[in-house]
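**Q** Sending over a structure as C-alpha cells; questions will come in a sec.
The values are calculated or read from the model by the stated rules, or taken from the named source; none is laboratory data. Predicted, not measured: the structure shown is a model, and the values here were computed from it. Note that each Cβ is placed from the backbone with ideal geometry, even for glycine, and that neighbours are counted across all protein chains shown.
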Amino acid sequence: MKNVRQFIIASCLSLFLIPSTIALEPLMIDSFESDPQLRWSYVSDQVMGGVSEGRVAFKEEDGEQFAHMTGQVSTENNGGFIQLRSAIPKKTIDTAIGAYLKVRGNGQQYYLHLRTSGTLLPWQYYQASFTTTDQWQIIKVPLTAFGRSGNWLGKAVKPSSIRSIGIVAFGRDHIADIDIEIAEIGFY
C-alpha cells in the first residue's frame, strides 16, 4: 500500500515538473523587430458590432522595440475586447510547455488567447490572465493554465495545434484606458 501511495504522489508531482528532455530555451515567436506590422494584426469587437476602440503602434525606446496597444473596452452592443494577434506557423512550437511575454502596462489584468486547429468559431479560444506593472517583467504561463472558452473544446491545449496567439483586453468595461506594451512574446 505504501508503494502505491508513493507512486501516486510521485506521478502527481511529475505533472508540475519540467521533464529533463524538454529544452528550456525559449521558442521565440517575436521581439517586434523588422516590420512587425506584417506579422501582427489589431482586432476589436467592432467586427461584430461592438464599440470598443483602440490601436496598436510599434515603437522603440532605449534600444527596445515593442508593440504598444491602447484604447478603451466597452461591453455595449455585446462587445468587450481589443486584441493584438499573430499567426503561428505549423510545426514551430510542437515541444512547447508554456507561453511567455516581456510586458509592462498600467497595472490592469489582460489575457493571452490561444487559438488552435480546433477553435473553428470566432468566439472559441483558450485563455490565461496576467497582470501588468509599470516595469518590464517576464511572465510565464504554462499551457496547463489556459482555460477553454467552452465545453465543446478539448480540455487541454496541444502545442502542435496552436495556430495563433493574442494579447487581449477583454470582458469588462475598462474604466482606465488600456495601456500595455509587449517587447517579446513566445513559447518555452
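**Q** Quick check on my filter: what residues within segment 53-68 are of a type outside the set (A, V, I, L, M, F, W, C) and assigned to a strand (DSSP E or B)?
**A** Within segment 53-68, E53, G54, R55, K59, E60, E61, E64, Q65, H68 qualify.
**Q** Does at least one position in segment 157-166 carry a residue that is at pLDDT below 95 and over 29 Å from E61 (Cβ atoms)?
**A** Of segment 157-166, the ones at pLDDT below 95 are none.
Taking every residue of segment 157-166 in turn, none turns out to be at pLDDT below 95 and over 29 Å from E61 (Cβ atoms).
**Q** With the requirement that a residue be in a strand (DSSP E or B) and either under 10 Å from the mean Cα position of the chain (by Cα) or crowded, with 18+ Cβ neighbours inside 10 Å (or both), what does segment 105-128 give you? Write out each step before concluding.
**A** Step one: of segment 105-128, the residues in a strand (DSSP E or B) are 105, 109-116, 126-128.
Across segment 105-128, the qualifying residues are G105, Y110, Y111, L112, H113, L114, R115, T116, Y126, Q127, A128.
**Q** Check segment 129-142 and report whether any residue there is surrounded by fewer than 17 Cβ atoms within 10 Å (Cβ to Cβ), in contact (Cβ under 8 Å) with a residue 60 or more places away in the chain and more than 20 Å from M28 (Cβ to Cβ).
**A** Checking segment 129-142: not a single residue is surrounded by fewer than 17 Cβ atoms within 10 Å (Cβ to Cβ), in contact (Cβ under 8 Å) with a residue 60 or more places away in the chain and more than 20 Å from M28 (Cβ to Cβ).
**Q** Looking at A96, is it closer than 16 Å to D30 by Cβ and assigned to a loop (DSSP other than H, G, I, E, B)?
**A** Judged against the criteria, A96 is a match.
**Q** For segment 21-32, give me each residue that is surrounded by 12 or more Cβ atoms within 10 Å (Cβ to Cβ) and either acidic (D, E) or part of a strand (DSSP E or B) (or both).
**A** Hits for segment 21-32 are L27, M28, I29, D30.
**Q** Here's something else I'd like to know. Name the residue that is surrounded by the fewest Cβ atoms within 10 Å (Cβ to Cβ), counting only residues in segment 35-58 that are free of Cβ contacts under 8 Å to residues at least 24 places away in the same chain and in contact with a strand residue (DSSP E or B) (Cβ under 9 Å, 6 or more places away or on another chain).
**A** Here the answer is D35.
**Q** Moving on to the next point. Quick check on this structure: which one of G186, G105, G171 is within 15 Å of M28 (Cα to Cα) and among the small types (G, A, S)?
**A** G186
**Q** Please find, within segment 135-153, the residue that is nearest to D62 (Cα to Cα) out of those that are in a loop (DSSP other than H, G, I, E, B) and hydrophobic (A, V, I, L, M, F, W, C).
**A** Only one residue tops the list, namely W136.
**Q** Working carefully through the options I82, I93, find the one that is within 17 Å of I162 (Cα to Cα), of a type in the set (A, V, I, L, M, F, W, C) and touching a helix residue (DSSP H, G or I) at 6+ places or on another chain (Cβ under 8 Å).
**A** Numbers: I82 fails: within 17 Å of I162 (Cα to Cα).
When all the criteria are applied, what remains is I93.
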